[in-house]
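The values are calculated or read from the model by the stated rules, or taken from the named source; none is laboratory data. Nothing here was measured: the structure is a model prediction, and the numbers come from that model. Every residue, glycine as well, gets a Cβ built from its backbone with ideal geometry; the counts of neighbours run over all protein chains shown. These accessible areas exclude ligands, DNA and RNA; they are computed on the full protein's heavy atoms, side chains included. Shrake-Rupley method; radii C 1.70, N 1.55, O 1.52, S 1.80 Å.
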Amino acid sequence: MADDKAFPLSRRGFLASACCLAAAPIFTPVTFAAMPGDNRFVTIVLRGAMDGLDLVQPYGELSFASLRPDIALAPDKGLVDLDGFFGLHPAAADLLPLWKAKELAFVHAVSTPYRDARSHFDGQDMLESGGDHVAEEKTGWLNRALATIPRSTARKAIDINTSTELILSGPNVVDVWASDSNFGMGADEMQFLTRLYANDPAFAKAMDEATRADQSAKMGEEPGTKRGEQIIDVAALAAKMLLREYRIASFSINGWDTHVQQTAQFRKAAGDLTQAVLTLKSTLGPDAWKTTVVLAMTEFGRTVRQNGSGGTDHGTGGCCLLAGGAINGGRVLGKWPGIKDEQLFEDRDLMPTADVREIAAAMLYRQFDVGAGDLTSKIFPGLSFDKSSQFLKV
Amino acid sequence: MSLSFQTLAALRFGYGFRPGEAVSADRDALLDPMRISDGNCLFPVGGIEARRQAIGNVADRLRDIRSSDIDDAAKRDEQKAIFKELQQSYQRDADARIAQAVFSPYGFYERLAAFWTNHFSVSVDKTQPMKLIVPLFEAEAIRPHIGGTFPDLLRSATQHPAMLIYLDQTQSLGPDSPAGIKRNKGLNENLARELLELHTLGAGSGYTQDDVRSAAMILTGITVDRQAVEADFRKAAAEPGSHRVLGVSYGRTQRTERDYLQLLNDLALNPKTAAHISRKLAIHFISDTPPQAMIDAMTQAWRKTDGDLMAVYGAMLDHPAAWTSEGTKARQPFDFIVAGLRALNLPKNAAAGAIVDPLADDVDGAQAMASDSPATPGNNSATPDNAPDPQEAKRRQAAIDATFYVPRGLGIYALQRMGQPVWRPPSPAGFPEGFDAWINAGELSERISWARRAIGRYGKQDDPRQFLKETLADAARDDTIRVVSQAPNKMMGLTLTLASPEFNRR
């Protein structure tokens, strides 16, 4: 039986590009959940605090260029004009066709309720747990949402890699997608491992997930594929899973903690985000893309003024991206607070005028019929759904 | 059921049992090795002085390439060759890092070295030269201070070039300092923020953004002297004037080095720092949710002794909770691999034939050096043929010992797959601590796979029942003993031992 590969227990790792300054995991896990229906939802966590003012630049503000002499652009310096006031960073210029097709939108001046401490670690916990304050929720809002989706009998989630991201971690079942390092356990040997862990629930659960995951592993894999190390691989894998029974996927893009010489670092990260969105679209194909919403969000924004080394420090108000055939985009949404000195939050940050959870709640409502009651109690405690209404028709 | 002192000392406070190695008899036996001066650290390979020279040499070579008038493609090629050398040097040091933990008889000392290096996280991924600097950081800024005081440790870690580069301090200029005005550049808050949030007071302990900014102002002026490879204070970059952190003013019109040293000292002795780091130690060694009474006792010892770390470790070991409710923590990947290699009694020079003396000056050795040893350039070898020096001989032996001990598939590459690559923490907060981060489906698969490969290489002949007894002693549970003893073959029985919950918990 030693050669019987009935249970080739295995896994596959995704090495993210090494960015050491953001609070990012070494790996970029990809998590999935299966749902009834055709609608699809992808969340992308931009780890390290994306500078929204760099991605979607308010070049129409008179003071913008002087606040950021080394970073700010203008349409005559490569900025891609969106609406005469905002312009898109050139590294994201490939998204312009989506914008024109109304499949892309941005929401400016958003943040979580986390407002004045600017720690990556707490900020990301808030973003992914969906709580009203630090450490209020121990599980992820996307995992809690699974339990509230109507008619969902097969709420299967799948995790690629060594750990689930907080956003999809919680009581709902998670599988592990895996593909390499097969070590060909025989069925009898598998039974011994199962017995070994029988009296230790944490190990038994991990073993059970590892075993079941193997079935899923074969789904997304093409023979001879290399281990994914690029964001394109991660996004393509997510899209392939969404073409099967999975309807929710989540992964991260690292590299946004731009304290020093922001221009080069931001270009790389913005390019990754652009590639991820375009890869999702192309891999999903027109039919699935039509029912898909992508929400990319970050833990907080960055200072409005550039710092002493051509970068920006931790701020508050940020920006999130919405994409997909299911949205009515081509607009920069949100209430713009302005960037004059007296309009800033604590004399340094973009003033947040909306809660990023309002957008997430609206997307869960429209994609999966999650009820307003569940959204404001179980999933995002303390949130007012009234404020989400502006995003329902996006 | 409570385990014997020896078992808990080995599993909870060390890297597990190694056959033939003496076990710690009591609390003092655990603490005594903290006073070692650490002259036998296996990294940086080649020794500290040679590494400092190598760092300077690489900086020079990179600068020469930048300023030479060859075309860009040629520059890129030359840089790439240097980066390859740096990568090879890093890998050799990382091998030595694992060997250090496997072969050292001082488990608690080694675990604390890993704890503090993780507390003061720096990563080789920040810049290319960091591949040479980070191993030096652990060897000279962390390890010698483990048995000393926290103010000393904090100063030594903060002032090290590795930290100053990793947290962008070298880029920070006082906005109104002569250098800031001249270059039209200014403040970078990164080091100041992590100093308060991670290294001392702790997140949410009450400091404000103004405190962060003022601390950043006080830190201006500290930069790295690239030739001496040490911190340097440049008055011209220091923000003039006085700045208040947590209500205390630092500096007058003339700023001096004393201001930031005073700030570091005040932060090190702040009661919030004592509580934050005592908690972190208790979480690391005892439980994800340690009893508050233990943390209080450690905090009190800290405050009574102005941060004497021996007193703090002692308070932890003296608390009854240190010796109960075992097995609630997960061994992290580094702990797991080191413990596995110790259980298998990994022989020294395991990869015989692959050994290269990195300090040799014969022809073969010189060739090896030219290709993969930037840390010890041949013409800088401090071993003249005619002058045998005992210190040098010791250093040479240490360098040889460190080379190629652990096959990389079971060592540095396995750690990479398990998510804990050597000296490459994901962020300034270091690697995650909680049980769930390290025990899950993917991680368990990796560990079972590792156990099989390690057993296949080193353990095939052992008897599983005996191996289980030597490896886990009284920590082995009855059901594990039964499953292991019934395994279909030796190989499987041995694999089950290393894959068992008891071996993966501590």
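Here is a check on your reading of the model: is B:Asn184 open to solvent by less than 10 Å² (accessible area, probe 1.4 Å) and under 18 Å from A:Gln306 (Cβ atoms)? So B:Asn184 does not fit the description; no. Tell me whether region B:146-164 contains one or more residues that are under 27 Å from B:Phe83 (Cα atoms), hydroxyl-bearing (Ser, Thr, Tyr) and within 14 Å of chain A (Cβ to nearest Cβ). No - not one qualifying residue is present in region B:146-164.
Test A:Arg40 against the criterion of being in contact (Cβ under 8 Å) with a residue 60 or more places away in the chain, in contact with a Lys or Arg (Cβ under 8 Å, 6 or more places away or on another chain) and either among the charged types (D, E, K, R) or within 14 Å of chain B (Cβ to nearest Cβ) (or both), and give yes or no. Yes, satisfied. With respect to B:Phe404, is the statement that it is at pLDDT below 80 and surrounded by 17 or more Cβ atoms within 10 Å (Cβ to Cβ) true? Answer is yes for this residue. Here B:Gly147 clears all of (1) under 26 Å from A:Asp257 (Cα atoms); (2) touching a Lys or Arg at 6+ places or on another chain (Cβ under 6 Å) except the condition numbered (1). Any residue at all in region B:168-190 that is of a type in the set (Asp, Glu), over 24 Å from the mean Cα position of the chain (by Cα) and under 25 Å from B:Val124 (Cβ atoms)? Among the residues of region B:168-190, at least one is of a type in the set (Asp, Glu), over 24 Å from the mean Cα position of the chain (by Cα) and under 25 Å from B:Val124 (Cβ atoms), which makes the answer yes.
Within region A:264-314, being among the β-branched types (Val, Ile, Thr), within 14 Å of chain B (Cβ to nearest Cβ) and open to solvent by 10 Å² or more (accessible area, probe 1.4 Å) holds for one residue alone: A:Thr303. Within region A:247-263, being of a type in the set (Phe, Trp, Tyr) and within 14 Å of chain B (Cβ to nearest Cβ) holds for one residue alone: A:Trp256.
Need at least 1 residues that are open to solvent by 30 Å² or more (accessible area, probe 1.4 Å) per element, so show me which helices (runs of 4 or more DSSP H) inside region B:190-285 make the cut, counting only ones lying wholly within it.
Where helices (runs of 4 or more DSSP H) fall fully within region B:190-285 and carry at least 1 residues being open to solvent by 30 Å² or more (accessible area, probe 1.4 Å), they are B:209-219, B:257-269, B:271-285.
Could you identify the single residue in A:Ala204, A:Ala213, A:Ala236 that is touching a helix residue (DSSP H, G or I) at 6+ places or on another chain (Cβ under 7 Å), more than 8 Å from chain B (Cβ to nearest Cβ) and at pLDDT below 90?
A:Ala236
Filter region B:450-498 down to the residues that are away from every other protein chain (no Cβ under 14 Å), open to solvent by 20 Å² or more (accessible area, probe 1.4 Å) and under 28 Å from B:Thr324 (Cα atoms) and list them by number. If the condition is that a residue be away from every other protein chain (no Cβ under 14 Å), open to solvent by 20 Å² or more (accessible area, probe 1.4 Å) and under 28 Å from B:Thr324 (Cα atoms), then B:Arg465, B:Gln466, B:Lys469, B:Glu470, B:Ala473, B:Asp474 are the ones that fit. Would you check which residues across region A:334-356 are more than 16 Å from A:Ala49 (Cα to Cα) and either open to solvent by less than 20 Å² (accessible area, probe 1.4 Å) or in a loop (DSSP other than H, G, I, E, B) (or both) and list them? A:Gly334, A:Lys335, A:Trp336, A:Pro337, A:Gly338, A:Ile339, A:Lys340, A:Leu344, A:Glu346, A:Asp347, A:Thr353, A:Ala354, listed by residue number. Taking region B:175-192 as the range and being at pLDDT 95 or above and more than 7 Å from chain A (Cβ to nearest Cβ) as the test, the residues that pass are B:Leu191, B:Ala192. Looking only at region B:319-345, which residues are among the charged types (D, E, K, R) and within 22 Å of the chain's Cα centre (by Cα)? B:Lys329, B:Arg331, B:Asp335, B:Arg342, listed by residue number. For region B:84-91, check the following and say yes or no: at least one residue is loosely packed, with under 12 Cβ neighbours inside 10 Å and modelled with pLDDT of 90 or more. No, region B:84-91 contains no residue that is loosely packed, with under 12 Cβ neighbours inside 10 Å and modelled with pLDDT of 90 or more.
Matching residues to (1) within 19 Å of A:Leu237 (Cα to Cα); (2) hydroxyl-bearing (Ser, Thr, Tyr); (3) at pLDDT below 95:
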| residue | (1), (2), (3) |
| --- | --- |
| A:Lys268 | no, no, yes |
| A:Val277 | yes, no, no |
| A:Lys281 | yes, no, no |
| A:Pro286 | yes, no, no |
| A:Trp289 | yes, no, no |
| A:Gly301 | no, no, no |
| A:Val304 | no, no, no |
| A:Gly310 | no, no, yes |
| A:Asp313 | no, no, yes |
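Mind checking which residues of region B:126-142 are among the charged types (D, E, K, R) and surrounded by fewer than 22 Cβ atoms within 10 Å (Cβ to Cβ)? Those that are among the charged types (D, E, K, R) and surrounded by fewer than 22 Cβ atoms within 10 Å (Cβ to Cβ): B:Lys126, B:Glu140. Does region B:418-436 contain at least one residue that is under 26 Å from B:Lys131 (Cβ atoms), among the aliphatic types (A, V, I, L, M) and either in contact with a Pro (Cβ under 7 Å, 6 or more places away or on another chain) or free of Cβ contacts under 8 Å to residues at least 60 places away in the same chain (or both)? Checked against the condition, which is being under 26 Å from B:Lys131 (Cβ atoms), among the aliphatic types (A, V, I, L, M) and either in contact with a Pro (Cβ under 7 Å, 6 or more places away or on another chain) or free of Cβ contacts under 8 Å to residues at least 60 places away in the same chain (or both), region B:418-436 yields at least one hit. If you go through region B:270-318 and pick out every residue that is under 15 Å from B:Met34 (Cβ atoms) and within 21 Å of the chain's Cα centre (by Cα), you end up with 8.
Listed by first and then second residue, the pairs with beta-carbon distance under 6 Å, at least 6 apart or on different chains, first residue in region B:239-257 and at negative phi, second basic (Lys, Arg), are B:Pro240/B:Arg255; B:Ser242/B:Arg252.
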